[in-house]
Amino acid sequence: MRDIKILHTTFGILGDVFGLLLFMAPMITFKRIIRKKSTEQFSSMPYLISLLQCLLSAWYSLPFVSPNNLLVTVISAIGIGLEATYVLIFLIFSPKKGKAKICGYLFVVLSIFSSLALVSILAFHGNKRKLFCGFAFAAACVMMYGSPLSVMRLVIKSKSVEYMPFFLSLSVFINSTSWLIFALLGKDPFIFVPNAAGTILGAAQLILYAVYRDKKEVKKDGINESVDQMRTGKLQDEKIVDIQNENANP
């Protein structure tokens, strides 16, 4: 029993470490935004979705909802701070119309979280509260882990890993695997399910990288932009066309 607790804590700490690396990955993108004083074509939506996921994760991991998830609370709190900072940077450097949209989306995110939190407190108690908050948390996590699917589609179409950095894919895999084992040891299905999906997707990305890594040299700008793309799940068709043209005309 003691060994299981030690392993449970160990994998939770690993999850926190690699989760922090994933949360910090977009700093490359935001350094560019601050330097150019423009959000260019980058989307604020992935950071708003991640903010919602962190809020729901933090709420789910609180002792009166699900006990023994302190390490989840820690990384979720850090994530809330970083994602809120990213959204603030978008608010500062977006054009006026963009600011209005971001404020609207932020209001929706906070409204969803507040509504779920209030309902969980007023309408549910004990295990029912855990089930309610757990389903909301798991759904948000699956959405976040599913975002790289479009990047994987681009890799297959272009036969290039230019827009899928290896270390980002490796961090996704290790982070998901750590939380997967943490959930197994802690017998928490709501942490297990989304991280099982994340582990599978992370492994698929690493396999794609192994297959296509020698096809095209990874460019610095590609790495910068791919951080945003892997989080949004939105890719411009023009990029696919451009890469296909490059392959056709070496």
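The values are calculated or read from the model by the stated rules, or taken from the named source; none is laboratory data. For clarity, every value in this text was computed on a predicted model and none was experimentally measured. Positions of Cβ are generated from backbone atoms using ideal geometry, with glycine treated the same way; all protein chains shown enter the neighbour counts. These area figures cover heavy atoms from the full protein model, side chains too; ligands, DNA and RNA do not enter into them. Shrake-Rupley method; radii C 1.70, N 1.55, O 1.52, S 1.80 Å.
Extension gain for residue 6-residue 206 works out to 69.1 nm (0.36 nm per residue, less the C-alpha to C-alpha distance).
Across the stretch 35-74, how large is the tail of the calculated P(r) beyond 14 Å, expressed as a percent of all Cα pairs?
Working: 455 of 780 pairs.
Summing the P(r) of the stretch 35-74 above 14 Å gives 58 percent of all pairs.
Summing Cβ point charges (Lys, Arg +1; Asp, Glu -1) relative to the Cα centre of the stretch 123-208 gives a dipole of roughly 220 debye. Under a model in which nothing but the beta-carbon of Lys, Arg (+1) and Asp, Glu (-1) is charged, the stretch 72-167 shows a dipole of about 280 debye around its Cα centre. Within the accessible surface of the stretch 1-215, defined with a 1.4 Å probe on protein heavy atoms only, the carbon and sulfur portion equals 73 percent. Accessible surface of residue 207, taken over heavy atoms with a 1.4 Å probe and every protein chain present, rounds to 110 Å². Among the listed pairs 36/159; 128/187; 37/97; 37/99; 31/159, a Cα-Cα separation exceeding 20 Å is found for 36/159; 31/159. For the stretch 89-145, the Kirkwood radius over C-alpha pairs fed into Stokes-Einstein at 25 °C and 0.890 mPa s yields D = 185 µm² per second. Computed extension length for residue 41-residue 156: 39.0 nm, one decimal, from 0.36 nm per residue of separation with the Cα-Cα distance subtracted. Annotation: per residue accessible area for the stretch 1-215 equals 51 Å², rounded to a whole number [probe 1.4 Å, protein chains only].
Taking every Cα-Cα distance in the stretch 1-83 and sorting them into 5 Å bins starting at zero, the pair-distance distribution P(r) comes out as 3, 14, 19, 20, 16, 11, 7, 5, 3, 1, 0 percent. Spin-label model, residue 214/residue 62: points 7 Å from Cα along the beta carbon direction are separated by 5.4 nm.
Sorting 129, 213 by solvent-accessible area of protein heavy atoms yields 213, 129, largest first, with a 1.4 Å probe.
For residue 93, neighbours were defined as the other residues whose beta-carbon sits under 10 Å from its Cβ, and their charges (Lys and Arg +1, Asp and Glu -1) total +2.
Applying D = kT/(6 pi eta Rh) to the stretch 1-215, where Rh is the Kirkwood radius over alpha-carbon pairs, T corresponds to 4 °C and eta to 1.567 mPa s, the Stokes-Einstein value obtained is 71 µm²/s. Computed with every protein chain present, the accessible area of residue 16 is close to 20 Å² [probe 1.4 Å]. Rounded to the nearest 20 debye, the dipole magnitude of the stretch 1-215 is 640 debye, with +1 charges on Lys and Arg beta carbons, -1 on Asp and Glu beta carbons, and the Cα centre as origin.
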